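Take a look at the structure set out below.
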Amino acid sequence: MEGTGQGAGQGTEDRAGDGTRPGARHRAPDADGRARTVVLTRQPAQAGALEAGLRAAGHEVRFLPLTDFELPEDPAPLREAVRRLAAGGYAWLVVTSPNTVRALVRAGWDGRLPAGVRVAVTGPGTARVLASAGGPAAPWMPDGDASAAGIIAAFPAPDLAGTGRPGRRVLLPQSALAPDEVAAALDARGWAVERIEAYRTVPYPAAPARRLLADGGHPVGLEEGPDGAVGLGALDGAAVVLTSPSAVRELVRRLGGRPVGDAAFIAIGRPTQRAAASCGLALAGTAASPDAPGVLAVLAGLPATH
């Protein structure tokens with residue numbers, strides 16, 4: 001999620017840890033009889049249900065890490081927000097991506113909340129990371145739309161009867177790149193939103209002392225790594241799943257105008273689709289949902305040459 005997938009402005013949630021080894025190979029064909037190489041523009045450490053579903057359909061899953069995530073240079077405001085959260089200073093904690101959970105943990109949160117404090121997440125991927133961090137196992141989430149837009153559409157209005165400002169306070173930790181849409185929408189609904197920078201999206205790899213994901217942060221060359229990570233040379237002939245707007249921008253920057261052969265680019269989410277259009281990157285399709293069924297539907301419509 002830069003806040004969707006999470007989170008606002010991002011094409012999908014980054015779902016980490018489904019128990020499947022990132023580099024595992026599966027040779028069974030998919031429904032149309034064609035097993036493909038599918039490269040996702042994220043890190044092996046972010047693998048989850050999406051990758052598991054692609055492998056189950058017979059596709060070989062690879063990773064092209066383009067962006068990474070790190071704590072802000074000054075994490076003091078985030079740590080102070082965590083202290084206020086533990087003291088019951090908010091009515092809600094709104095979490096728009098798994099990386100937000102990871103940043104809160106790095107800032108000292110143990111997952112526990114005072115009685116009466118509720119948690120909202122964008123979808124099941126963020127909920128899984130929240131639970132693994134010791135947070136509530138059944139947080140509030142929107143039905144169907146696992147994104148910031150889903151939170152905006154379905155988040156409840158505050159009960160203002162006999163409720164002072166503390167009862168309307170919402171903690172919204174987000175990526176530095178996340179737009180203001182969630183905060184603005186909840187403010188307009190009557191909540192008092194405190195938005196805090198939780199993490200930054202940077203070119204891969206991030207600074208070791210501040211990075212949120214622990215996969216070693218090794219630079220990726222042209223050969224396949226032991227964890228299924230590949231370089232730009234592996235894109236020729238592959239179906240490339242663009243997982244966020246920032247990944248699109250970083251891919252275009254690294255390509256520097258070089259052709260990528262017979263690659264088919266698939267966007268996850270409208271924000272990622274718009275980023276590809278603005279960068280002049282032609283898409284083979286856009287997944288209707290940020291999960292394996294959404295990506296598989298696009299893959300099924302690709303010509304046999306991809």
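Structure summary
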{"item": "Distant alpha-carbon pairs in the range 244-306 (separation over 17 angstrom), percent", "result": "40"}
{"item": "Alpha carbon Rg of the range 41-116, scaled by the compact-globule rule 2.2 N^0.38 Å", "result": "1.46"}
{"item": "Spacing of the two label points (7 Å from each Cα toward its C-beta) at residue 288 and residue 176, in nm", "result": "3.8"}
{"item": "Cα-based Kirkwood hydrodynamic radius, the range 169-214, one decimal, Å", "result": "12.1"}
{"item": "Distance (nanometres) between label positions extended 7 Å along Cα→Cβ at residue 79 and residue 192", "result": "2.6"}
{"item": "Linear extension gain, residue 214 paired with residue 302, 0.36 nm per residue minus alpha-carbon span", "result": "28.2 nm"}
{"item": "Neighbour cut-off at most 13 other Cβ (10 Å), DSSP loop, trypsin sites (Lys or Arg not before Pro), the range 93-145", "result": "112"}
{"item": "Dimensionless Rg over Rh [the range 31-169; C-alpha; Kirkwood]", "result": "1.06"}
{"item": "Contour minus Cα-Cα distance for residue 35 and residue 154 (0.36 nm per residue)", "result": "39.0 nm"}
{"item": "Principal axis dimensions, largest first and in whole angstrom, of the range 72-131 by Cα", "result": "29, 29, 15"}
{"item": "Net length gained if the chain between residue 277 and residue 143 were fully extended (0.36 nm per residue, minus Cα distance)", "result": "45.4 nm"}
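Just so you know, all these numbers are worked out from the coordinates, no wet-lab data involved. These numbers were taken from a predicted model, which means no experiment stands behind them. Glycine also receives a Cβ, built like all others from the backbone with ideal geometry; neighbour counts cover every protein chain displayed.
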